[in-house]
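Scroll down for the structure; my scribbles are underneath it.
The values are calculated or read from the model by the stated rules, or taken from the named source; none is laboratory data. All of these numbers come straight from a predicted model, not from anything done at the bench. With ideal geometry, Cβ positions are generated from the backbone for all residues, glycine too; neighbour counts draw on all protein chains shown. The protein model used for the area step is the full one, side chains on, heavy atoms only, and it has no ligands, DNA or RNA in it. Shrake-Rupley method; radii C 1.70, N 1.55, O 1.52, S 1.80 Å.
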Amino acid sequence: FAGIAAALVAFLLAIVFARTVSRPVIELRDAARAIADGDLSRRPPISAPGEIGDLAGALYQLAEQLGARLKALQADEALVSAVVESLSEGVLAISSRRAVLRINPAARAMLGIREPVPLSTDHIPRDRTLLAAVDSALSGAAVDDATAEIAGRMIAVAARPLPDGGAVVALTDLTRTRRLEATR
């Protein structure tokens, strides 16, 4: 009876000990999954002892740093968006898969594009000069001084490749300037 009682007590103590050790690990796992899924408000409990407490502290700091960096990136994105939207020149950002990811109001007006982004480059007017500039930039070569005539407007086209394989295309409406030069 003493041996069975000792084994039963040892078994119960083992279960209690295992739960006290595994509970913080499970809480850390759940917090890490939530953070990985984008819930940066989730924080692990730091009250665990020993190495598990150290791991919880590191995960807490990681979540804090990720939250701060995400806020900084969102602020930068808002600033870039405000600058691009306020330009009188047209700007298009095109991905390596030939999708227009960003287009400002000036470019929409020059090209007559009304569709929301992302949209295929098939929605860009079929002007040879403009399409050649886009193709060149997507293949890694910059284009500086191309001129296209789109919907009766003379438009200067400049295109630059991006490091990820995409391209940025800048459009400047030269119609008024050319008319003034012709009048002079």
message: Could you check segment 158-184 and list, in sequence order, the residues that are under 20 Å from ARG108 (Cβ atoms), within 26 Å of the chain's Cα centre (by Cα) and of a type in the set (A, V, I, L, M)?
response: ALA158, ALA159, ALA167, VAL168, VAL169, ALA170, LEU171
query: Failed condition for ALA34, given (1) closer than 27 Å to LEU70 by Cβ; (2) surrounded by fewer than 11 Cβ atoms within 10 Å (Cβ to Cβ), with all others met?
result: (2)
- request: Give the residue that is nearest to ARG102 (Cα to Cα), with candidates limited to residues of segment 152-168 that are touching a helix residue (DSSP H, G or I) at 6+ places or on another chain (Cβ under 9 Å) and outside any strand (DSSP E or B).
  value: GLY166
- request: Working only within segment 128-140, note down all residues that are touching a strand residue (DSSP E or B) at 6+ places or on another chain (Cβ under 7 Å) and either open to solvent by 30 Å² or more (accessible area, probe 1.4 Å) or at pLDDT below 85 (or both).
  value: THR129, SER136, LEU138, GLY140
message: Given (1) in a strand (DSSP E or B); (2) open to solvent by less than 50 Å² (accessible area, probe 1.4 Å); (3) modelled with pLDDT of 90 or more, identify the lone condition not met by ALA148.
response: (3)
message: Among the residues that make up segment 72-79, is at least one of them modelled with pLDDT under 85, closer than 30 Å to ALA146 by Cα and open to solvent by 70 Å² or more (accessible area, probe 1.4 Å)?
response: no
- prompt: Of the conditions (1) open to solvent by less than 60 Å² (accessible area, probe 1.4 Å); (2) out of contact with any Ser or Thr (no Cβ under 7 Å at 6 or more places or on another chain); (3) assigned to a helix (DSSP H, G or I); (4) at pLDDT 85 or above, ALA93 fails just one. Which one is it?
  reply: (3)
